[in-house]
Amino acid sequence: MTDTTLTAPEQEAPKAPAGDPFDRDDLPTPPGATGALLRSLLATHRARVAVAALVLLVKEGAVQAGPLLVAYAIDRGVPAFRAGDHGPVVAVALGYLVCATLSGVLQYAFVRGAARVNQDVLLDLRGRIFRHAQVLSVDFHERYTSGRLISRSTTDVESLRELLSEGLQELIGVVLSFVSISLILLWLDLGIGAVAVASFLPLHLLIRLYRRRAGAVYAERSTAIAGVIVKFAETMNGIRPVRAFRRERLNDAEFAALNHRHERSNGDALLEMARYVVGSRLVANTAVAGMCLWGAYRVASGSLELGVLAAAVLYMRRLYDPIDRLGMFLNSYESAAASLTKIAGLLAQEPGVPETTTPKTLPSRTGAPGREVVFDGVRFAYRTGGEVLPAFDLTIPPGQTVAVVGATGAGKSTLAKLLARFYDPTDGSVRLDGVDLRDLATPELRRGIVMVTQEAFLFSGTIAENIAIGRPDATREEIEDAARAIGAHEFITALPDGYDTDVRKRGGRISAGQRQLVAFARALLADPAVLILDEATSSLDVPGERAVQQAMDTVLAGRTAVVIAHRLSTVEVADRVLVMESGRIVEDGTPSDLVTGEGRYANLHKAWRESLVG
């Protein structure tokens, strides 16, 4: 037996045109959003950050005391030792030991405290990304790929981890070293201190140049790795058509191009880092060499003590040694800044269907579970396309099953998405028992309206867990009763572990028809007032379709239902048929009335009957 398919499954949301921000890896980031995000992440950890900074400050004091002790030992301890007084040398040795021990203990305390703050911040950030992605509208997810979301929550968060775990310590250490050593050198000798401070002018210019060049490089690197992830995820999710249409070679070429782009961006980042390190070391070595020559001349002339010169050289080396580490910080900072900007752009996206601040509740229902659905003057247009529904009006009485048919692009799936409130109307309202869907809190809305789609999506986990998604607090007996009512109990109990069988990724362990039965059991357990079936049988074979249609009879009983139909066999369950064209209803009546007429539905039904005979 064959069947007549009215149309192929439609895709009514137009693809974003060139130039749309969703075509790029990054989303527009409002001014100040990046800084606001970082401040909010650290807001709850201010006390711990302050303690960590204090620990690092004391540790820096212990470290910087070393050269002063060396200067004291050379200029005071050695002469006293020659005179038979060992006290100053012993005191210097003990002081050095105490400072070294204290700096080690404080370094451990800082690393431990900073690591806890680091992990808490990253935990918070990943949670924010995940929660925000779930509340963003379907419109967003249809235009912004899951691979990019994965990149935001993995590689971009990892860039921030490197900054928080290593970079900030380097920055604080460099700043404290610069301030403390500059003050000490100015105190030891004003001329030497002035030379040390002046040498930072070329370093400042070098750092500004590096930041300007590296910022663009790391933004490109973040975009490049996101492209790699997107391509990889897309290929693995579509592995069946890839193999079926022999796209392996083409995919290899496309992935290689994205991979080379990532390689080039990484190479550019390393090149910028190398330029900075070479330049900073050139400045540092020149300054130290100049100070040694000038200091030796002053020691020889008697205007400078040898111990002071030794301490000054040690301090200068300590002053410039962290410059390389500053480069590592800048490296982490530019990478994290580019990533944080992209994350801030994602978190700045507002849901297309915002939650109401003054939620209403649906009236209590008695008897049959169905509710009245009203489309009142609804107009709707996708962001990137023309108007799909122009001034659409429709009333569905409680408990009525309505089948919607029409050509691709007629507006059928858009009608279903508006009823499920995946989108809000551009104008007009969609009401459930007189209550605008926009005035319902999300939990209330989802309890009232449930959609079963063409591809019954199952999550990794057991059969029972997937059915319980309809009502998480359901008992095992209620889960089994729902499956039994749908006609799924027999095949479930035949599985290796029955209801505890793990369906694996996307339910790949069971057939398409079985997945659809599980989806119907889920819907029945949820006990919605309104059920939307969007191409629920279009991808099934005849036996699978028959099993699902029997399940539909159980699920639809007493409920208001909208059935988006591509197969005439599906329409047979309906009390009423709507034929849509260009966003308008062109035929409306019972299946029997429309079949006996001369309209579009009658012609389709005639063609279907002839196909069965043939």
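Residue pairs whose Cβ atoms lie under 7 Å apart, separated by 6 or more positions or on different chains, with the first residue in the range 281-306 and part of a helix (DSSP H, G or I) and the second of a type in the set (Gly, Ala, Ser), are VAL283/SER199; ALA287/SER199; MET291/ALA312; GLY295/ALA312. Filter the range 330-371 down to the residues that are hydrophobic (A, V, I, L, M, F, W, C) and not in a helix (DSSP H, G or I), then identify the one that is most open to solvent (accessible area, probe 1.4 Å). Only one residue fits best here, namely ALA368. Among the residues making up the range 337-380, those that are of a type in the set (Ser, Thr, Tyr) and over 36 Å from the mean Cα position of the chain (by Cα) are SER364, THR366. THR462 meets all of the listed conditions (1) without any contact (Cβ under 8 Å) to a residue 40 or more places away in the chain; (2) over 28 Å from LYS417 (Cα atoms); (3) open to solvent by 20 Å² or more (accessible area, probe 1.4 Å) but one, namely (1). The residue of the range 89-110 that is most open to solvent (accessible area, probe 1.4 Å), among those that are under 15 Å from LEU56 (Cβ atoms) and free of Cβ contacts under 8 Å to residues at least 12 places away in the same chain, is TYR108. Here GLN119 fits the description: free of Cβ contacts under 8 Å to residues at least 60 places away in the same chain and farther than 21 Å from ILE229 by Cα.
For the residues ARG438, ARG471, the requirement of being within 28 Å of the chain's Cα centre (by Cα) and under 17 Å from ARG371 (Cα atoms) singles out ARG438.
Considering (1) within 25 Å of SER177 (Cβ to Cβ); (2) out of contact with any Pro (no Cβ under 8 Å at 6 or more places or on another chain); (3) surrounded by 18 or more Cβ atoms within 10 Å (Cβ to Cβ), the lone condition that ALA73 does not fulfil carries the number (2).
If I filter the range 47-88 down to residues being among the acidic types (Asp, Glu) and touching a residue at least 12 places away in the same chain (Cβ under 8 Å), which single residue comes out as farthest from VAL175 (Cα to Cα)?
By that ranking, first place goes to ASP75.
Can you tell me which residue in the range 267-289 is nearest to the chain's Cα centre (by Cα), limited to those that are under 17 Å from VAL313 (Cα atoms) and open to solvent by 80 Å² or more (accessible area, probe 1.4 Å)? Only one residue tops the list, namely ARG281.
Of all the residues in the range 396-422, those that are out of contact with any Phe, Trp or Tyr (no Cβ under 7 Å at 6 or more places or on another chain), open to solvent by less than 20 Å² (accessible area, probe 1.4 Å) and more than 18 Å from GLU587 (Cβ to Cβ) number 5.
Would you please name the residue that is most open to solvent (accessible area, probe 1.4 Å), looking only at residues in the range 381-395 that are part of a strand (DSSP E or B) and without any contact (Cβ under 8 Å) to a residue 60 or more places away in the chain? Steps first, answer last, please.
Kept after step one, since they are part of a strand (DSSP E or B), are these residues of the range 381-395: 381, 387-395.
Retained after the next criterion (residues that are without any contact (Cβ under 8 Å) to a residue 60 or more places away in the chain): 381, 391, 393, 395.
On the way: ALA381: 38, ALA391: 56, ASP393: 93, THR395: 67 Å².
Checking each candidate, the answer is ASP393.
ARG431 meets the conditions (1) free of Cβ contacts under 8 Å to residues at least 12 places away in the same chain; (2) under 19 Å from LEU394 (Cα atoms) in every case but one. The failed one is (1). The single residue among ALA494, ALA474 that is farther than 26 Å from ALA565 by Cβ, open to solvent by 70 Å² or more (accessible area, probe 1.4 Å) and hydrophobic (A, V, I, L, M, F, W, C) turns out to be ALA494. Every condition in (1) open to solvent by 30 Å² or more (accessible area, probe 1.4 Å); (2) closer than 30 Å to VAL70 by Cα is met by LEU304 except one, and the failing one is (1). Just one of the listed residues (VAL121, VAL174, VAL117, VAL157) is in a helix (DSSP H, G or I), surrounded by 17 or more Cβ atoms within 10 Å (Cβ to Cβ) and in contact with a Pro (Cβ under 9 Å, 6 or more places away or on another chain), namely VAL174.
Checking each residue in the range 24-70 for being part of a loop (DSSP other than H, G, I, E, B), of a type in the set (S, T, N, Q) and open to solvent by less than 50 Å² (accessible area, probe 1.4 Å) picks out only THR29.
Here HIS566 meets each of (1) modelled with pLDDT of 85 or more; (2) open to solvent by less than 10 Å² (accessible area, probe 1.4 Å) with one exception, condition (1).
Of all residues in the range 290-299, none are among the hydroxyl-bearing types (Ser, Thr, Tyr), over 33 Å from the mean Cα position of the chain (by Cα) and surrounded by 13 or more Cβ atoms within 10 Å (Cβ to Cβ). The set of residues from the range 431-462 being part of a loop (DSSP other than H, G, I, E, B), under 24 Å from THR570 (Cβ atoms) and in contact with a strand residue (DSSP E or B) (Cβ under 7 Å, 6 or more places away or on another chain) comprises THR453, GLN454.
Residues that are aromatic (Phe, Trp, Tyr) and more than 20 Å from VAL228 (Cβ to Cβ) within the range 127-158 comprise PHE130, PHE140, listed in sequence order. Would you pick out the residues in the range 432-455 that are surrounded by 18 or more Cβ atoms within 10 Å (Cβ to Cβ) and out of contact with any Lys or Arg (no Cβ under 9 Å at 6 or more places or on another chain)? Within the range 432-455, GLN454 is the sole residue that qualifies. Among the residues making up the range 230-261, those that are touching a helix residue (DSSP H, G or I) at 6+ places or on another chain (Cβ under 7 Å), free of Cβ contacts under 8 Å to residues at least 60 places away in the same chain, within 24 Å of TYR144 (Cβ to Cβ) and open to solvent by 40 Å² or more (accessible area, probe 1.4 Å) are GLU254, PHE255, LEU258, ASN259, ARG261. Among the conditions (1) touching a residue at least 60 places away in the same chain (Cβ under 8 Å); (2) open to solvent by 70 Å² or more (accessible area, probe 1.4 Å); (3) over 41 Å from the mean Cα position of the chain (by Cα), ASN603 misses just one, which is (1).
The values are calculated or read from the model by the stated rules, or taken from the named source; none is laboratory data. Every value quoted in this text rests on a predicted model; they were computed, and no experiment measured them. Cβ atoms come from the backbone with ideal geometry, glycine included; neighbour counts cover every protein chain shown. What goes into the accessible areas is simple: the full protein's heavy atoms, side chains included, and nothing from ligands, DNA or RNA. Shrake-Rupley method; radii C 1.70, N 1.55, O 1.52, S 1.80 Å.
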